[in-house]
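The values are calculated or read from the model by the stated rules, or taken from the named source; none is laboratory data. If you're wondering where the values come from, they're calculated on a predicted model, not measured in any experiment. Here the Cβ positions follow ideal geometry from the backbone for every residue, glycine too, while neighbour counts run over all protein chains shown. Heavy atoms of the whole protein, side chains included, go into the accessibility calculation; ligands, DNA and RNA do not. Shrake-Rupley method; radii C 1.70, N 1.55, O 1.52, S 1.80 Å.
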Amino acid sequence: MTAVAHTEPATARGAALRATSLVAGYGDLAVVRGLDIEVRAGEIVALLGPNGAGKSTTLLTLAGELRPLGGEISWFGSPLTGGLHKRAASGLGFVPEERSVIMSMSVRDNLLLGSGGIEPAVEVFPELGALLDRRAGLLSGGEQQMLTLGRALARRPKVLLADELSLGLGPIVVDRLLAALRDAATTLDIGVLLVEQQARRALAASDRWYLMRRGELVASGDSSDGMDEIQRLYLAGHDSAD
Ligand SMILES: Nc1ncnc2c1ncn2[C@@H]1O[C@H](COP(=O)(O)OP(=O)(O)OP(=O)(O)O)[C@@H](O)[C@H]1O
Ligand SMILES: [Mg+2]
(Lines give C-alpha, C1' and ligand atoms only; values in the text may rest on other atoms or scores of the structure.)
(Ligands and ions follow the chains in the order given, each with its own letter.)
Protein backbone atom coordinates (compact mmCIF):
# COMPACT_ATOMS: atom_id res chain seq x y z
CA MET A 1 0.00 0.00 0.00
CA THR A 2 1.37 3.41 -0.88
CA ALA A 3 1.58 5.85 1.99
CA VAL A 4 0.03 9.27 1.49
CA ALA A 5 2.11 12.01 3.08
CA HIS A 6 0.21 13.79 5.82
CA THR A 7 1.18 17.40 6.15
CA GLU A 8 -1.27 18.08 8.98
CA PRO A 9 -3.12 15.98 11.52
CA ALA A 10 -6.74 14.97 10.77
CA THR A 11 -7.96 17.17 13.61
CA ALA A 12 -6.64 20.30 11.86
CA ARG A 13 -8.67 19.67 8.72
CA GLY A 14 -12.24 20.42 7.75
CA ALA A 15 -14.95 17.78 7.81
CA ALA A 16 -15.25 15.43 4.84
CA LEU A 17 -18.74 14.43 5.99
CA ARG A 18 -20.81 16.40 8.44
CA ALA A 19 -24.36 16.05 9.74
CA THR A 20 -25.90 19.10 11.38
CA SER A 21 -29.09 18.86 13.45
CA LEU A 22 -29.89 15.68 11.55
CA VAL A 23 -33.32 14.15 12.04
CA ALA A 24 -33.71 10.66 10.62
CA GLY A 25 -36.26 7.88 10.70
CA TYR A 26 -38.85 5.89 8.87
CA GLY A 27 -41.85 7.49 7.19
CA ASP A 28 -42.84 10.32 9.52
CA LEU A 29 -41.35 8.64 12.57
CA ALA A 30 -38.14 10.32 13.73
CA VAL A 31 -35.89 7.88 15.56
CA VAL A 32 -32.74 10.06 15.40
CA ARG A 33 -33.00 13.69 16.49
CA GLY A 34 -30.69 16.71 16.45
CA LEU A 35 -27.57 14.78 15.57
CA ASP A 36 -24.33 16.72 15.01
CA ILE A 37 -21.44 14.55 13.88
CA GLU A 38 -18.50 14.87 11.55
CA VAL A 39 -15.78 12.74 10.00
CA ARG A 40 -12.50 14.09 8.66
CA ALA A 41 -10.16 12.51 6.15
CA GLY A 42 -7.85 9.91 7.65
CA GLU A 43 -9.62 9.50 10.98
CA ILE A 44 -11.72 6.66 12.33
CA VAL A 45 -14.70 7.81 14.34
CA ALA A 46 -16.55 5.20 16.39
CA LEU A 47 -20.33 5.57 16.62
CA LEU A 48 -21.33 3.68 19.76
CA GLY A 49 -24.54 3.03 21.61
CA PRO A 50 -26.91 0.32 22.78
CA ASN A 51 -29.35 -1.60 20.60
CA GLY A 52 -31.95 0.66 19.08
CA ALA A 53 -29.94 3.86 19.69
CA GLY A 54 -30.25 4.87 16.04
CA LYS A 55 -26.76 4.04 14.76
CA SER A 56 -27.86 2.11 11.67
CA THR A 57 -30.57 4.65 10.92
CA THR A 58 -27.90 7.37 11.01
CA LEU A 59 -25.62 5.46 8.64
CA LEU A 60 -28.47 4.63 6.24
CA THR A 61 -29.37 8.31 6.11
CA LEU A 62 -25.78 9.47 5.58
CA ALA A 63 -25.38 6.84 2.86
CA GLY A 64 -28.46 8.06 0.98
CA GLU A 65 -30.63 5.01 1.59
CA LEU A 66 -33.05 6.97 3.80
CA ARG A 67 -34.15 10.53 3.20
CA PRO A 68 -33.40 12.84 6.14
CA LEU A 69 -36.46 14.19 7.95
CA GLY A 70 -34.58 17.34 8.92
CA GLY A 71 -31.18 18.98 9.28
CA GLU A 72 -28.30 19.00 6.83
CA ILE A 73 -25.62 16.69 5.56
CA SER A 74 -22.56 18.20 3.93
CA TRP A 75 -19.79 16.62 1.88
CA PHE A 76 -16.52 18.57 1.81
CA GLY A 77 -18.48 21.70 2.62
CA SER A 78 -21.28 21.33 0.05
CA PRO A 79 -24.76 19.91 0.61
CA LEU A 80 -24.85 16.15 0.07
CA THR A 81 -27.78 15.11 -2.07
CA GLY A 82 -28.84 12.15 -4.19
CA GLY A 83 -29.27 8.51 -3.38
CA LEU A 84 -26.91 5.70 -2.50
CA HIS A 85 -25.41 5.29 -5.98
CA LYS A 86 -24.70 8.95 -6.56
CA ARG A 87 -23.07 9.23 -3.15
CA ALA A 88 -21.04 6.07 -3.76
CA ALA A 89 -19.84 7.51 -7.07
CA SER A 90 -18.61 10.63 -5.31
CA GLY A 91 -16.59 8.57 -2.85
CA LEU A 92 -18.91 7.71 0.02
CA GLY A 93 -18.52 4.00 0.74
CA PHE A 94 -21.03 2.02 2.77
CA VAL A 95 -20.76 -1.42 4.36
CA PRO A 96 -24.25 -2.15 5.71
CA GLU A 97 -25.12 -4.34 8.67
CA GLU A 98 -26.20 -7.29 6.56
CA ARG A 99 -23.35 -8.83 4.56
CA SER A 100 -23.65 -8.00 0.91
CA VAL A 101 -21.64 -10.71 -0.78
CA ILE A 102 -23.32 -12.77 -3.47
CA MET A 103 -22.99 -16.29 -2.15
CA SER A 104 -23.35 -18.09 -5.48
CA MET A 105 -20.53 -16.10 -7.10
CA SER A 106 -16.79 -16.54 -6.73
CA VAL A 107 -14.71 -14.23 -4.59
CA ARG A 108 -13.17 -12.89 -7.81
CA ASP A 109 -16.57 -12.04 -9.33
CA ASN A 110 -17.75 -10.48 -6.07
CA LEU A 111 -14.66 -8.25 -6.12
CA LEU A 112 -15.23 -7.33 -9.77
CA LEU A 113 -18.77 -6.24 -8.89
CA GLY A 114 -17.29 -3.60 -6.60
CA SER A 115 -15.52 -1.80 -9.47
CA GLY A 116 -12.38 -1.26 -7.38
CA GLY A 117 -10.84 -4.38 -8.91
CA ILE A 118 -9.17 -7.41 -7.41
CA GLU A 119 -5.63 -6.31 -6.70
CA PRO A 120 -6.39 -3.42 -4.31
CA ALA A 121 -8.66 -5.70 -2.27
CA VAL A 122 -6.00 -8.40 -2.06
CA GLU A 123 -3.56 -5.73 -1.01
CA VAL A 124 -5.79 -4.96 1.98
CA PHE A 125 -6.49 -8.64 2.75
CA PRO A 126 -3.80 -10.95 1.28
CA GLU A 127 -5.92 -13.84 2.64
CA LEU A 128 -8.32 -13.28 -0.27
CA GLY A 129 -5.61 -14.05 -2.83
CA ALA A 130 -5.84 -17.81 -2.27
CA LEU A 131 -9.66 -17.74 -2.23
CA LEU A 132 -10.37 -15.96 -5.52
CA ASP A 133 -11.90 -18.98 -7.27
CA ARG A 134 -13.93 -20.12 -4.27
CA ARG A 135 -17.66 -19.55 -4.12
CA ALA A 136 -18.34 -16.81 -1.59
CA GLY A 137 -20.98 -18.99 0.09
CA LEU A 138 -18.22 -21.42 1.09
CA LEU A 139 -16.17 -18.80 2.92
CA SER A 140 -16.19 -18.47 6.68
CA GLY A 141 -18.02 -15.49 8.17
CA GLY A 142 -14.72 -13.72 8.76
CA GLU A 143 -13.56 -14.33 5.19
CA GLN A 144 -16.88 -13.03 3.87
CA GLN A 145 -16.41 -9.88 5.92
CA MET A 146 -12.85 -9.49 4.58
CA LEU A 147 -14.33 -9.75 1.10
CA THR A 148 -16.95 -7.12 1.91
CA LEU A 149 -14.50 -4.72 3.53
CA GLY A 150 -11.75 -5.39 0.97
CA ARG A 151 -14.16 -4.66 -1.85
CA ALA A 152 -15.32 -1.44 -0.22
CA LEU A 153 -11.76 -0.23 0.43
CA ALA A 154 -10.63 -1.22 -3.08
CA ARG A 155 -12.87 1.54 -4.41
CA ARG A 156 -10.74 4.03 -2.48
CA PRO A 157 -13.64 5.85 -0.88
CA LYS A 158 -13.01 9.26 0.66
CA VAL A 159 -15.27 8.31 3.56
CA LEU A 160 -16.42 4.84 4.54
CA LEU A 161 -19.49 4.12 6.67
CA ALA A 162 -19.21 0.69 8.28
CA ASP A 163 -22.02 -0.91 10.28
CA GLU A 164 -21.14 -3.67 12.76
CA LEU A 165 -18.25 -5.31 10.94
CA SER A 166 -17.82 -7.58 13.94
CA LEU A 167 -21.34 -9.03 14.00
CA GLY A 168 -21.16 -12.76 14.75
CA LEU A 169 -17.38 -12.95 14.34
CA GLY A 170 -14.68 -14.14 16.72
CA PRO A 171 -12.22 -11.75 18.38
CA ILE A 172 -9.21 -12.65 16.23
CA VAL A 173 -10.89 -11.89 12.93
CA VAL A 174 -12.51 -8.74 14.35
CA ASP A 175 -9.08 -7.47 15.36
CA ARG A 176 -7.83 -8.33 11.88
CA LEU A 177 -10.66 -6.38 10.22
CA LEU A 178 -10.19 -3.36 12.46
CA ALA A 179 -6.41 -3.38 11.97
CA ALA A 180 -6.90 -3.40 8.19
CA LEU A 181 -9.38 -0.56 8.48
CA ARG A 182 -6.99 1.44 10.66
CA ASP A 183 -4.17 0.89 8.16
CA ALA A 184 -6.37 1.89 5.20
CA ALA A 185 -7.65 5.01 6.96
CA THR A 186 -4.13 6.17 7.74
CA THR A 187 -2.32 5.25 4.53
CA LEU A 188 -5.13 6.07 2.08
CA ASP A 189 -6.47 9.05 4.01
CA ILE A 190 -9.97 7.57 4.27
CA GLY A 191 -12.34 8.94 6.89
CA VAL A 192 -14.29 6.15 8.59
CA LEU A 193 -17.51 6.23 10.61
CA LEU A 194 -17.51 2.91 12.41
CA VAL A 195 -20.63 1.61 14.12
CA GLU A 196 -19.58 -0.99 16.62
CA GLN A 197 -21.13 -2.81 19.58
CA GLN A 198 -17.75 -3.78 20.98
CA ALA A 199 -16.83 -0.41 22.46
CA ARG A 200 -13.40 -1.42 23.74
CA ARG A 201 -12.29 -2.76 20.37
CA ALA A 202 -13.78 0.22 18.54
CA LEU A 203 -11.91 2.66 20.79
CA ALA A 204 -8.64 0.80 20.26
CA ALA A 205 -9.01 1.22 16.49
CA SER A 206 -10.42 4.75 16.38
CA ASP A 207 -9.39 8.36 16.97
CA ARG A 208 -12.66 9.75 18.33
CA TRP A 209 -16.03 8.46 19.46
CA TYR A 210 -19.66 9.49 19.67
CA LEU A 211 -22.16 7.81 21.95
CA MET A 212 -25.84 7.70 21.01
CA ARG A 213 -28.79 6.66 23.10
CA ARG A 214 -32.48 6.69 22.17
CA GLY A 215 -31.83 8.63 18.99
CA GLU A 216 -29.68 11.35 20.47
CA LEU A 217 -26.01 12.06 20.88
CA VAL A 218 -25.18 11.85 24.58
CA ALA A 219 -21.39 12.28 24.59
CA SER A 220 -18.27 12.38 22.45
CA GLY A 221 -14.53 12.43 22.97
CA ASP A 222 -11.07 11.18 22.06
CA SER A 223 -10.66 7.43 21.90
CA SER A 224 -7.45 7.42 23.92
CA ASP A 225 -9.32 8.19 27.14
CA GLY A 226 -12.94 7.33 26.37
CA MET A 227 -13.54 3.97 28.06
CA ASP A 228 -14.18 5.22 31.59
CA GLU A 229 -16.70 7.82 30.47
CA ILE A 230 -18.41 5.42 28.08
CA GLN A 231 -18.69 2.76 30.75
CA ARG A 232 -20.16 5.28 33.17
CA LEU A 233 -22.71 6.45 30.61
CA TYR A 234 -23.60 2.90 29.61
CA LEU A 235 -24.03 1.91 33.25
CA ALA A 236 -26.25 4.94 33.78
CA GLY A 237 -28.46 3.55 31.00
CA HIS A 238 -28.13 -0.06 32.31
CA ASP A 239 -26.49 -1.28 29.10
CA SER A 240 -23.15 -2.98 28.75
CA ALA A 241 -20.32 -1.27 26.86
CA ASP A 242 -18.70 -4.61 25.95
N1 LIG B 1 -37.59 -0.03 9.10
C2 LIG B 1 -37.93 0.52 10.27
N3 LIG B 1 -39.15 1.04 10.48
C4 LIG B 1 -39.48 1.61 11.66
N5 LIG B 1 -38.65 1.71 12.70
C6 LIG B 1 -37.42 1.20 12.56
C7 LIG B 1 -36.98 0.58 11.35
N8 LIG B 1 -35.70 0.18 11.50
C9 LIG B 1 -35.36 0.53 12.76
N10 LIG B 1 -36.38 1.15 13.38
C11 LIG B 1 -36.37 1.68 14.77
O12 LIG B 1 -35.46 2.75 14.85
C13 LIG B 1 -34.78 2.74 16.10
C14 LIG B 1 -33.29 2.80 15.84
O15 LIG B 1 -32.90 1.61 15.17
P16 LIG B 1 -31.45 1.38 14.59
O17 LIG B 1 -31.48 0.13 13.79
O18 LIG B 1 -31.00 2.62 13.92
O19 LIG B 1 -30.60 1.18 15.94
P20 LIG B 1 -29.11 0.69 16.13
O21 LIG B 1 -28.47 1.67 17.04
O22 LIG B 1 -28.47 0.44 14.82
O23 LIG B 1 -29.32 -0.67 16.93
P24 LIG B 1 -28.52 -2.07 16.87
O25 LIG B 1 -27.31 -1.87 17.73
O26 LIG B 1 -29.48 -3.05 17.45
O27 LIG B 1 -28.17 -2.37 15.44
C28 LIG B 1 -35.25 1.50 16.83
O29 LIG B 1 -36.21 1.88 17.77
C30 LIG B 1 -35.85 0.64 15.74
O31 LIG B 1 -36.89 -0.13 16.25
MG1 LIG C 1 -27.74 -1.28 13.89
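Annotations for the structure displayed:
- Computed about its Cα centre, the charge dipole of the chain is approximately 500 debye, with only Lys, Arg, Asp and Glu carrying charge at their Cβ.
- Highest-fluctuation residue, LEU112, LEU167, LEU203 considered, GNM on the chain with Cα pairs under 10 Å: LEU112
- Most to least packed among 218-228, 16-26, 76-86 [average Cβ atoms within 10 Å]: 16-26, 218-228, 76-86
- Close amide H contacts of LEU161 (hydrogens built in the peptide plane, cut-off under 5 Å, sequence separation of 5 or more or a different chain): GLY93, PHE94, VAL95, LEU193.
- Over the range 92-218, all Cα pairs binned in 10 Å intervals from 0 give whole-percent P(r) values of 13, 47, 32, 8, 1, listed from short to long.
- Around GLY150: net Lys/Arg minus Asp/Glu count, Cβ-Cβ under 11 Å: -2
- 12 Å beta-carbon shell around GLU97, net charge (K/R +1, D/E -1): -3
- The long axis of helix 141-154 is offset from the longest Cα principal axis of the chain by roughly 80 degrees.
- Length gained on full extension, HIS85 to LEU113, computed as 0.36 nm times the residue gap minus the Cα-Cα distance: 8.7 nm.
- As a size descriptor, the averaged projected area of the C-alpha convex hull of the range 54-118 was calculated at 5.3 nm².
- If the convex hull is drawn through the Cα atoms of the range 13-236, its volume per residue in Å³: 113 Å³
- Charge sum, other residues only, whose C-beta stays under 10 Å from ALA19's C-beta, Lys/Arg counted +1 and Asp/Glu -1: -2
- FRET efficiency for ALA179 and ALA219, using Cβ-Cβ distance with R0 set to 35 Å, rounded to 0.05: 0.85
- Carbon-plus-sulfur accessible fraction, the chain (probe radius 1.4 Å, protein heavy atoms only): 52%.
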